[in-house]
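This report concerns only the one structure given below.
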Amino acid sequence: MNPFVLLGRGLLAFALLLVFSTPTSAQVTVDENNANWGFLVETSTGTGSFVNGPSTPPLGTGSAKLTIDNNSSGLIIGTQQFAGIRFDDFTTLTYSTYSNTTPQTIALQFNVDYDLTDGTTSWQGRLVFEPSNSNTVTPGTWQTWNALNGRWWSSGNPVVGDVGVAQDCPISAPCTVTELLTAYPDMGIQAGALAGLLFKAGSGWAGPQDYYVDNFTIGYTGGGTTTFDFETSVQACPTPAITAKRVFANASPQPYLEIDLDAGPGQNLEIVNFVDTDRTTRFLQGLTASLVSGGLDPSNPGQVPFDDFEWTASSTGSQTATFRLTSDGSPNFAYFVEITNTCEATAYVDPQGAFDAFATSAERTLDLPGALTLEGNYPNPFNPQTVIRYGLAESAEVTLAVYDVMGRQVAVPVAAQMQGAGWHEATFEASHLPSGVYLYRLQAGTQTLTGQMSLLK
């Protein structure tokens, strides 16, 4: 194993142990288990990870995510696999990025040796392709860049023929590939311990912010073409699919609530709590759970206390099951059932509106709001998803929009929909947005209410 040493513009050194392998003409999946690539914090702080999304990546379902914490952060995902490759041997250099800001997006960089034919092997600088120097970066969408058709800039102290030479193509005047090779015809990726092909975000960019890279294709003379697909091997965490089925309020001998639950292959689900309309925990005495029908296997068969009840789906296919929550008639309100899955993604079920699910009376009294009501969002703070709950005293055309602190609209969870009187919920998904405070505005007819929430990543 070779130490993966990368030096930044400020000559900050760091190392990572990576395994060297020869590139082939193939498609290679890079995830948490791939030893040839590594995340490196070059300056300040930041986090690298393999994730699902965002949106629909150009290859597979995932990407490599670089999160910078502040304007001093510099974060890299890199490899040593292409040590010593000459720049004029490259035939393909393309990759795709996704960002939420302009003009920045992830740059492709090499630890450069300005003359691979001489005897100088010390650090000489970086060769950098920044898409914004050649193209327009559009936030909120995947874009693919052809680095060989773009402009590059160089840094450091070039050495050619073991003699220091003037630096061409500085950051203030990036060059084409032809211009670079005219200035440094024998340049390439540095060999040995200082080798590095890198994707970098940060160093002077505003943070916190997330950037994503995927679909990297590299081809060179004698090495064929290899495409790298960045993916995560970690199980995705879909929200459990749960829906109220029916309330048997005057059943004998006990009232009960039946709920349908959908689980993916091998997914484990568990009742973890009950919460009221304010989403604060309520302790319910005498409540038990049991499996009625379906393909899920309860870990505790029969009727058991609700907080001990779990289900596990089989390893193949998705299943739907019906479970029953039974009350001893205690006068408690159970508006929302909280269920979590293996990855701790949480979902709530509202039993056909806000009412006493375990009322002993056969009549269900709807808790209709007397006026337009905005109860807020839960959870808050959240990441990356939250639910905004509101109530209508009468039918109205509803629009629910989300804005950042600059007043820019970033999402419209409900767009000009006619909705009836009663309680409603809208899900706001913010995986593509940076951490921060966001405002939401509920408009029903001529009435307007606003709320505030915090996204913490």
Only unsatisfied item for GLN167, checking (1) more than 30 Å from GLY62 (Cβ to Cβ); (2) in contact with a Gly (Cβ under 6 Å, 6 or more places away or on another chain), is (2)
Determine the pairs where a residue that is of a type in the set (Lys, Arg), located within the range 145-163, has a partner that is buried (at least 17 other Cβ atoms within 10 Å of the Cβ) and part of a loop (DSSP other than H, G, I, E, B) with Cβ atoms under 9 Å apart, the partner being 6 or more residues away or on another chain. ARG151/GLU130; ARG151/CYS169; ARG151/PRO174
Scan the range 413-434 for residues that are within 29 Å of ASN52 (Cα to Cα) and either surrounded by fewer than 14 Cβ atoms within 10 Å (Cβ to Cβ) or hydroxyl-bearing (Ser, Thr, Tyr) (or both) and jot them down. ALA415, THR427, GLU429, SER431
Some residue of the range 64-83 being over 22 Å from LEU127 (Cβ atoms), modelled with pLDDT of 90 or more and either of a type in the set (D, E, K, R) or open to solvent by 60 Å² or more (accessible area, probe 1.4 Å) (or both): yes
Is it the case that ILE218 is among the aliphatic types (A, V, I, L, M), open to solvent by 60 Å² or more (accessible area, probe 1.4 Å) and either farther than 20 Å from ASN36 by Cα or in a strand (DSSP E or B) (or both)? no
Would it be correct to say that SER96 is buried (at least 19 other Cβ atoms within 10 Å of the Cβ) and either among the basic types (Lys, Arg) or under 28 Å from ALA206 (Cβ atoms) (or both)? yes
Residue tally, condition aliphatic (A, V, I, L, M) and surrounded by fewer than 13 Cβ atoms within 10 Å (Cβ to Cβ), over the range 144-170: 2
Scan THR178, THR225, THR182 and give me the residue that is among the β-branched types (Val, Ile, Thr) and either part of a loop (DSSP other than H, G, I, E, B) or touching a residue at least 60 places away in the same chain (Cβ under 8 Å) (or both). THR225
Single unsatisfied condition, SER172 versus (1) under 30 Å from SER431 (Cα atoms); (2) among the polar types (S, T, N, Q); (3) in a loop (DSSP other than H, G, I, E, B): (1)
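The values are calculated or read from the model by the stated rules, or taken from the named source; none is laboratory data. Predicted model only: the values in this text are computed from it and were never measured. Here the Cβ is made from the backbone with ideal geometry for all residues, glycine too, and neighbour counts use every protein chain on show. All accessible areas refer to the heavy atoms of the entire protein, side chains included, with ligands and DNA or RNA removed. Shrake-Rupley method; radii C 1.70, N 1.55, O 1.52, S 1.80 Å.
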